[in-house]
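Working notes, structure below.
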Amino acid sequence: MPYKPSFYVISKTILLGAGCAVLLSGCPKRLDVQGWIPDQTAISEVRPHVDNKDSVSQLLGTPSAVATFNDNTWYYISKRTETFAFFSPETTEELVLQVDFDKNGSVDSMKRYTLADAREVPIESRITPSRGKELGFFEQIFGNLGRFSGANGGQGGGGPSGGGPGGP
């Protein structure tokens with residue numbers, strides 16, 4: 001004979017589903033914007049081979065980042081994410097403006113990158129081993145008890161009155 005759920009089980013399931021729907025409907029999407037990309041009119045005012053670092057800084061503001069090994073490349077970075085309830089944030093928009101300067105400090109070129117240009121970088125999961133002994137929880141807590149006894153039978157430290165370099 002097949003199992004037939006009772007009216008109580010069905011109504012309980014419906015009430016639970018409706019309760020979850022009501023709770024989740026009270027959670028609006030949270031929109032976060034990080035960084036700043038200047039508007040298109042400010043970007044269009046930058047003239048290659050005419051403007052220099054100072055004029056670009058006045059037009060576009062301070063860059064979000066400067067290239068690590070070449071301070072003649074500036075980046076203006078912006079990222080927009082949406083988070084719904086307890087789920088992980090989802091990146092909806094990402095913009096990067098790269099401004100390259102020549103050796104004299106004048107603008108050489110400008111490039112725009114979007115989320116479509118992004119590449120996934122795999123994170124390395126290997127761990128570099130460290131030398132020595134790995135201490136457990138209690139060894140870390142109680143490992144130093146009794147280790148700090150001075151040469152005078154545990155009295156004194158290393159200060160002026162404790163027999164240290166400046167003491168008696």
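The values are calculated or read from the model by the stated rules, or taken from the named source; none is laboratory data. What you are looking at is a predicted structure, and each value in this text was computed from that prediction instead of being measured. Note that we place each Cβ from the backbone using ideal geometry, even for glycine, and neighbour counts take in every protein chain shown.
Close contacts from segment 82-105, counting a first residue that is of a type in the set (A, V, I, L, M) and a second that is modelled with pLDDT under 90 and assigned to a loop (DSSP other than H, G, I, E, B), with Cβ to Cβ under 7 Å and a gap of 6+ residues or different chains, come to Ala85/Cys27; Leu95/Ile37; Leu97/Ile37. Only one entry in Ser64, Ser106 is closer than 30 Å to His49 by Cα, surrounded by 14 or more Cβ atoms within 10 Å (Cβ to Cβ), touching a Phe, Trp or Tyr at 6+ places or on another chain (Cβ under 7 Å) and not β-branched (Val, Ile, Thr), namely Ser64. Kindly indicate whether Val50 is loosely packed, with under 10 Cβ neighbours inside 10 Å and at pLDDT 90 or above. Considered against the rule, which asks whether it is loosely packed, with under 10 Cβ neighbours inside 10 Å and at pLDDT 90 or above, Val50 comes out as yes. Test Thr62 against the stated conditions and say whether it is over 27 Å from Leu31 (Cβ atoms), at pLDDT 90 or above and under 23 Å from the mean Cα position of the chain (by Cα). Here the answer is no, as Thr62 does not meet what is asked.
In this structure, Leu115 does not qualify as out of contact with any Phe, Trp or Tyr (no Cβ under 6 Å at 6 or more places or on another chain), of a type in the set (A, V, I, L, M, F, W, C) and at pLDDT below 85.
One residue stands out among those in segment 110-133 that are aliphatic (A, V, I, L, M) and under 19 Å from the mean Cα position of the chain (by Cα): the one that is farthest from Trp74 (Cα to Cα), which is Ile123. Tallying residues that are at pLDDT below 80, surrounded by 10 or more Cβ atoms within 10 Å (Cβ to Cβ) and among the β-branched types (Val, Ile, Thr) within segment 19-44 yields 1.
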